[in-house]
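K.L.:
Let me begin by handing over the structure; questions about it come next.
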Amino acid sequence: MTRIVNRQELVHEAMGDGFAEALSLYDTQRRVQVLVDDFLPDAIVAGKKVLDVGCGLGFFSRRLVERGAVVTACDIGTGLIDRTKRFAGCDAVVADALDLRRQFGTEAFDVVVSSECIEHTPDPARAIAEMLAVARRGGYLSLSTPNIVWNPIVRLASAMRLRPFDGFENFSSWSAIRQRVAAGGGTIVMERGLHLFPFHLPLHTLSSWCDERLQSMRSVMINICVLAQKGSAEA
């Protein structure tokens, strides 16, 4: 039975061109670098079937295509799918992050990539379970989501109308991400935090320096980034 999608899940679609205008290109590029370039060496991604869940404007899909992956992008909004097709030059379909296995089947992809998607659903735990379900045994999930310790600041910014966003913002903790990945049959093999301070500040060189050298403080960084492997090919 098809799930009824809540209006709050379609906020990026409803923003239209405003989504691109509100996006931090620096933040997006940093997440692409970590989730695709740092976490996924050529042996994992080149020539492999990759699903980009919550593809948004297509930045991750495009980089994956450039890296030689056979990419299927998906998002809940038709407008976002159309933009990703044009921008990334890959297959793109409308799909629900909370119902991936119904659409794609189980163990259909070598790699699943998803950045800043699960928090915009009503059930981040279910989204992770679905992503791991469509990954093959021995395959990978490369995932990012905002750290819940920053949730009060984000809510304050929204209340002050400093952010053009009114959708779900179900941020996660590091412990919750670890537990949800384990529950879905995955094992985290790499962890990275991003942004020790807001990326809107014009201090990107310093921010990148902190990302590279202060990972001992990732528990308080804005973005949680993990690479998980689903079981093993022999299991």
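K.L.:
Among the residues of the range 122-148, write down those that are within 17 Å of N223 (Cα to Cα), outside any helix (DSSP H, G or I) and not small (G, A, S).
P.N.:
Hits for the range 122-148 are L141, L143, T145, P146, N147.
K.L.:
Would you confirm whether any residue within the range 2-22 is at pLDDT 95 or above and in contact with a helix residue (DSSP H, G or I) (Cβ under 8 Å, 6 or more places away or on another chain)?
P.N.:
Within the range 2-22 (the criterion being at pLDDT 95 or above and in contact with a helix residue (DSSP H, G or I) (Cβ under 8 Å, 6 or more places away or on another chain)), the answer is no, since none of the residues qualifies.
K.L.:
Does the range 183-204 hold any residues that are outside any loop (DSSP other than H, G, I, E, B) and either under 22 Å from V134 (Cα atoms) or acidic (D, E) (or both), and which are they?
P.N.:
A183, G186, T187, I188, V189, M190, E191
K.L.:
Listed residues R163, R155, R180; which is assigned to a helix (DSSP H, G or I) and touching a helix residue (DSSP H, G or I) at 6+ places or on another chain (Cβ under 6 Å)?
P.N.:
Of the residues listed, the single one that is assigned to a helix (DSSP H, G or I) and touching a helix residue (DSSP H, G or I) at 6+ places or on another chain (Cβ under 6 Å) is R180.
K.L.:
Name, by its number, the condition in (1) assigned to a strand (DSSP E or B); (2) surrounded by fewer than 24 Cβ atoms within 10 Å (Cβ to Cβ); (3) not β-branched (V, I, T) that does not hold for F87.
P.N.:
Answer for F87: the failing condition is (1).
K.L.:
So which residues in the range 58-100 are hydrophobic (A, V, I, L, M, F, W, C) and over 26 Å from A125 (Cβ atoms), if there are any at all?
P.N.:
Across the range 58-100, the qualifying residues are V65, A69, V70, F87, A88, C90.
K.L.:
Moving to a separate point now. Going by what's in this entry, would I118 be described as modelled with pLDDT of 95 or more, of a type in the set (V, I, T) and more than 30 Å from S173 (Cβ to Cβ)?
P.N.:
no
K.L.:
From the list P164, P146, which one is closer than 18 Å to T28 by Cα and at pLDDT below 95?
P.N.:
Exactly one of P164, P146 is closer than 18 Å to T28 by Cα and at pLDDT below 95, namely P164.
K.L.:
When you go through L40, L64 one by one, which is the residue that is under 22 Å from D96 (Cα atoms) and either surrounded by 13 or more Cβ atoms within 10 Å (Cβ to Cβ) or among the basic types (K, R) (or both)?
P.N.:
L64
K.L.:
Could you check the range 174-194 and list, in sequence order, the residues that are more than 18 Å from N147 (Cα to Cα) and surrounded by fewer than 16 Cβ atoms within 10 Å (Cβ to Cβ)?
P.N.:
Those that are more than 18 Å from N147 (Cα to Cα) and surrounded by fewer than 16 Cβ atoms within 10 Å (Cβ to Cβ): A182, A183, T187, V189.
K.L.:
Right, next: Any idea which of V50, V71, V5 is in contact (Cβ under 8 Å) with a residue 60 or more places away in the chain and in contact with a Leu (Cβ under 6 Å, 6 or more places away or on another chain)?
P.N.:
Of the residues listed, the single one that is in contact (Cβ under 8 Å) with a residue 60 or more places away in the chain and in contact with a Leu (Cβ under 6 Å, 6 or more places away or on another chain) is V50.
K.L.:
Just checking, how many residues over the range 6-37 are crowded, with 19+ Cβ neighbours inside 10 Å and aromatic (F, W, Y)?
P.N.:
1
The values are calculated or read from the model by the stated rules, or taken from the named source; none is laboratory data. This structure is a prediction, so every number in the text was calculated from the model and none was measured. Neighbour counts are summed over all protein chains in view; Cβ atoms, including those assigned to glycine, are modelled from backbone coordinates with ideal geometry.
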